[in-house]
Amino acid sequence: MPRASYVNGRYVRHLQAMVHIEDRGYQFADGVYEVIGVFGGCLIDVEEHLDRLERSLSELRMVPPLGRTSLKIIGRETLRRNHVQNGKIYIQISRGVATRDHPFPASSKSSLIVTASSGSWPSLSKAKTGSAVVTGPDLRWRRCDIKSVSLLPNLLAKQTAVEAVAAELWMTDDNGFVTEGTASNAWILTSEDEIITRQADDGILAGITRQTLIRLIKREGYKLTLRAFTIEEAKAAKEAFFTSATAIVKPVTSIDGDRIGKGVPGEITCKLIDLYFNHMHDTRDHHGH
Ligand code: PDD
């Protein structure tokens, strides 16, 4: 349980951290968020996460409550007050408090909250263990590129995964193509050793872990194609994995109970985990904390 959280200009005891009942985030899910990993006291890919936050805000015509530098100071201060060295921070911005009415309020100040929580990262060997994925329909709206707090379809799908004892549920669009996981991006490796993940369109959230991994994959010279793939292709893949700020790179060894490849974490997937771990270490070592 965090000790202190930031709410609209103040650090308050976490148990007393509250927003008003007429906050539009609470009433309409009229808000956006970011989850940023913390490794050795450092915020991983912080600039990229803040770029995406600014984009989500602008797509919803919301005004950032404060600038990027202030946001980083608040993030780091929230980490400090909670003694978080490893874990994550959560930033949420809503359109603010106004009498409940659907149109945007003529004047409202956006609400900002920041929380920090501790959590240990897996060891390299633990990270290289397999996980199960199940599949289901993507019930979301057509602007999944916006990191909105409106997550009901994601929650329903995640609950289906939990009840199936799976780590994730990969959602499929009306044409049978995988969009993404409930809180992660989906990837496969074909029998021709081509790494595939969906192009960043409005059907998926352009994950920051995905973006960083694309950069690392290109640097290493692996074959990469950004395109949609079907569940059938995924089940026939040599390797599969998913990425997110909290799961990092997670090997998938079964989809709907069907074994992927040899049924153990793939060789390339494990190399990508090494690359991402190195990226985390580099971030920490270069920013020093
Ligand atoms: N989720 N797709 C969806 C729908 C997500 O919610 C997330 C992240 C991702 C991966 O994005 P990134 O690599 O930037 O974390 C993809 C966060 C972790 C969450 O909701 O907790």
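Quick notes on this one:
- Pairs of lysine residues in the chain that meet both criteria, 8 or more places apart or on different chains and Cα atoms under 15 Å apart, total 14.
- Environment charge of Ala116, counting only residues whose C-beta is closer than 12 Å and scoring Lys/Arg +1, Asp/Glu -1: +4
- Heavy-atom accessible area per residue - the chain, 1.4 Å, Å²: 49 Å²
- Cβ crowding within 10 Å averaged over residues, with 223-232, 31-40 ranked highest first: 31-40, 223-232
- Put simply, when 111-118, 248-255 are sorted by average Cβ atoms within 10 angstrom per residue, most first, you get 248-255, 111-118.
- Averaged over residues, the count of other Cβ atoms within 10 Å places the peptides 233-239, 19-25 in the sequence 233-239, 19-25, highest first.
- Student exercise, region 124-284 dipole from Lys, Arg, Asp, Glu Cβ charges, in Debye to nearest 20: 540 debye
- Within the accessible surface of the chain, defined with a 1.4 Å probe on protein heavy atoms only, the carbon and sulfur portion equals 53 percent.
- Under the Karplus curve 6.51 cos²θ - 1.76 cosθ + 1.60, θ = phi - 60°, whole-Hz ³J(HN,Hα) for region 28-35, x wherever Gly or Pro sits: 10, 6, 8, x, 10, 8, 9, 10
The values are calculated or read from the model by the stated rules, or taken from the named source; none is laboratory data. Because the structure is a prediction, the values reported are computed rather than measured. Glycine gets a Cβ as well: all are built from the backbone with ideal geometry, and neighbour counts include every protein chain shown. Accessible surface is based on the protein model in full, side chains and every heavy atom, while ligands, DNA and RNA are left aside. Shrake-Rupley method; radii C 1.70, N 1.55, O 1.52, S 1.80 Å.
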